[in-house]
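Before any comments, here is the structure.
The values are calculated or read from the model by the stated rules, or taken from the named source; none is laboratory data. Source: prediction; values computed, not measured. Heads up, the Cβs are rebuilt from the backbone with ideal geometry, glycines too, and the neighbour counts pull from every protein chain shown. For the accessible areas, the whole protein counts, side chains as well, though only heavy atoms, and no ligand, DNA or RNA atoms are used. Shrake-Rupley method; radii C 1.70, N 1.55, O 1.52, S 1.80 Å.
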Amino acid sequence: AVQLAESGGGSVQAGGSLRLSCALSLDMAALYCTGWFRQIPGKGREAIATINADGATVYADAVKGRFAISKDNDRTTLYLQMDNLKTEDSAMYYCAADHGTYIGPGRAACDQFRYWGQGTPVNVSS
């Protein structure tokens with residue numbers, strides 16, 4: 001089975017930084033779509049940042065300029081660098097992946113994420 005495992009969460013003061021990691025059991029050629037999501041208790045999951053196997057990235061407006069998604073050279077580790085953290089960033093953070101949806105020659109969409117990790121908590125205090 002496809003497995004994802006997050007790490008790197010913890011407690012930090014506002015203005016601080018954290019880097020989350022996600023180990024993937026398949027490389028990103030097979031898992032074309034990868035990304036980070038977060039969930040606040042009582043609310044739905046929010047997409048934070050995604051990156052596909054071609055390197056294209058998409059960021060949520062709330063984290064643009066503060067968070068950066070990247071992948072290791074072996075393409076089996078996904079990262080989320082979080083800088084200038086705010087109290088509203090506190091949430092459970094998940095990495096997710098999918099094989100991608102074909103939409104044309106050499107093109108795929110990341111319109112669903114079938115595989116999920118267990119989550120790593122981030123708590124930002126003032």
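Annotations for the structure displayed:
- Fraction of accessible area attributable to carbon and sulfur, the chain (%, probe 1.4 Å): 48 percent
- Across the chain: Cys residues that no other cysteine approaches within a C-beta distance under 4.7 Å: none
- Relative contact order of the chain: 35 percent, from C-alpha pairs under 8 Å at least 6 residues apart in sequence.
- Partners for Lys71 among aspartates and glutamates (Cα-Cα distance below 18 Å; same-chain residues under 8 apart left out): Glu6, Asp27, Asp54, Asp83, Asp98
- Estimated FRET transfer efficiency when R0 is 25 angstrom, pair Arg75-Ser126 (beta carbons, to 0.05): 0.10
- Entry comment: accessible area of the chain is 52 Å² per residue, from protein heavy atoms only and a probe of 1.4 Å.
- Rg to Rh quotient for the chain, alpha carbon positions, Kirkwood Rh: 0.97
- Residues of the stretch 86-109 falling in the label zone of Arg66, defined by backbone nitrogen less than 19 Å from a point 7 Å along Cα to beta-carbon, are 86-95.
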